[in-house]
1. From the square roots a ≥ b ≥ c of the eigenvalues of the alpha-carbon gyration tensor of the protein assembly as shown, which class results: rounded (a/c under 1.5), prolate (a/b over b/c), or oblate?
2. Select from B:61, B:252, B:186 the residue whose mean-square fluctuation is largest in a Gaussian network model of chain B (Cα-Cα springs shorter than 10 Å).
3. Taking Rh as the Kirkwood radius computed over C-alpha pairs, what is the Stokes-Einstein D of chain A at 4 °C in a medium of viscosity 1.567 mPa s, expressed in µm² per second?
4. Please state the shape class of the range B:149-211: rounded when a/c is under 1.5, otherwise prolate if a/b exceeds b/c and oblate if not, all from the C-alpha gyration tensor.
5. Over all distinct Cα pairs, what is the inverse of the mean 1/r for the range B:31-172, reported as the Kirkwood hydrodynamic radius in Å?
6. Taking every residue in A:78-84, how many Cβ atoms of other protein chains lie within 10 Å of its Cβ, on average?
7. Give the percent of DSSP beta bridges with both residues in the protein assembly as shown that are antiparallel, rounded to the nearest 5.
8. If you line up the long axis of helix A:263-272 against the longest principal axis of chain A, both from Cα atoms, how many degrees apart are they, to the nearest 10?
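Read the figures in this text as sums done on the coordinates, not as results from a lab. As the structure is a computational prediction, the values presented were derived from the model and not from experiment. Don't worry about glycine lacking a Cβ; one is built from the backbone with ideal geometry, like all the others, and counts go over all protein chains shown.
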């Protein structure tokens with residue numbers, strides 16, 4: 001595997017406050033990562049450190065194979081953190097040309113990238129005339145100018161209206177489809193769930209989990225069941241060795257699995273015991289439920 | 001190095017206010033020539049400033065570098081705002097994320113400072129040469145090109161002043177406050193100097209010896225005021241029974257002091273930027 005970024009025991013203190021605590025994880029090529037965490041959990045600080053704008057207190061990080069200085073490595077990275085920062089008196093194209101000069105890449109791709117983010121017709125408008133959504137899209141276009149090995153986005157949909165959010169998501173999905181590695185920091189779970197293959201969850205600067213999205217919990221999912229004879233159903237579920245907790249909410253009975261069980265097997269088991277179901281659904285926890293489960297587990 | 005200059009040039013060339021200030025600065029330097037046209041009557045005698053020898057070689061080098069240095073404030077505004085605007089637009093953050101190192105950032109600003117000083121010096125040289133050739137009483141080659149150390153002093157003086165402005169821009173992060181700080185600093189220097197001169201070390205030149213190490217004072221000492229050197233003032237003073245015996249020269253140790261300040265300001269700017277979380 002190709003490691004793009006590796007963090008080793010990274011720590012950042014702002015006075016008495018520890019914003020990032022002993023954080024270690026690595027980013028492999030080709031995956032789409034989400035950094036999840038509530039506001040103020042240290043996501044932006046972590047990104048700030050690896051992007052050379054925040055000084056670390058201890059620990060270290062390594063871009064690519066670690067042979068280049070951080071600022072040289074950053075020329076192969078595309079990143080936007082927080083709000084889009086450009087020169088207000090320059091046009092979109094002039095701003096991007098400046099980025100090309102800093103990154104030492106040819107300005108040929110400016111039109112192509114402006115087109116990708118849907119701003120080609122506004123290329124000669126001054127940046128200060130842009131709406132927030134356009135600014136954010138320009139920032140993504142700018143981050144893509146060098147065809148980066150990794151695209152880092154920090155809260156890319158923050159403060160945008162629904163259309164803006166939708167546009168940004170579409171762009172991200174399109175970029176991810178091209179095979180670009182993406183690191184997306186967000187507190188919006190459905191956003192991460194929609195595009196990410198891997199997640200890093202942090203809270204109060206500490207890592208709670210890092211790995212593929214579907215392995216986040218050692219959970220086998222749960223069944224949502226409905227039957228005319230509720231008492232019998234409950235009794236049968238309690239008698240079955242695969243089930244742990246069983247909750248009744250209105251007409252629906254939710255039964256959590258403690259070992260793998262297929263719906264067919266359950267249906268056969270219940271039918272053999274003389275019970276017919278009117279509803280049988282097997283589900284896995286959504287990212288939000290998993291996230292809450294995980295953060296609660298850790299806080300106990 | 002060219003890449004860094006190119007980046008800074010790109011940032012400046014689209015900024016309308018910077019362009020206006022830079023243009024004003026260079027136009028005002030050429031307006032020194034207008035002094036030549038000042039004429040007035042003094043007790044029935046026609047008095048022409050240009051005839052009083054201010055455009056004589058080599059005195060003109062001294063006179064013009066002194067006058068032109070007053071205008072440096074225009075470029076100071078440009079420099080302070082080009083540094084502090086990077087903070088207020090938060091573009092410094094984006095520059096660093098895009099792959100500019102902190103060292104390169106400071107170096108690109110300093111290169112701009114040096115090129116401003118350099119182009120001012122070249123421009124002043126050309127303007128003075130033209131003025132001198134049209135008004136000077138002496139136009140021998142050896143006289144024209146004597147006393148050129150004033151231009152070197154002018155160059156170092158501007159570089160020092162602009163480096164100070166750059167440092168203030170990085171320190172204060174807001175252009176208006178940085179310029180205010182510059183003014184406050186100037187007052188502080190004057191007060192410190194005054195206290196030393198009239199309270200602490202009366203009747204000795206210790207105060208002067210200490211004050212020459214102050215940043216703004218050391219810069220102003222590089223090109224001293226040229227007016228008392230004029231013939232007309234000198235003769236007037238002699239008639240009044242007093243004598244000016246002032247040293248107008250440019251000394252290597254004065255240049256060295258300012259160069260030390262330049263190094264300090266650039267290093268401090270880098271140090272501040274390195275330590276700060278953006």
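1. Values: a/c = 4.02, a/b = 2.97, b/c = 1.35.
Prolate, because a/c is 1.5 or more and a/b exceeds b/c.
2. Fluctuation is largest for B:252.
3. Numbers: Rh = 21.8 Å.
D, rounded to a whole number, is 59 µm²/s.
4. On the way: a/c = 3.87, a/b = 1.43, b/c = 2.71.
Verdict is oblate for the range B:149-211.
5. The Cα-based Kirkwood calculation yields 17.3 Å.
6. Working: counts 2, 4, 2, 4, 2, 3, 2.
Average neighbour count from other chains, rounded to a whole number: 3.
7. Values: 39 of 57 bridges.
Roughly 70 percent of the DSSP beta bridges within the protein assembly as shown come out antiparallel.
8. 10 degrees
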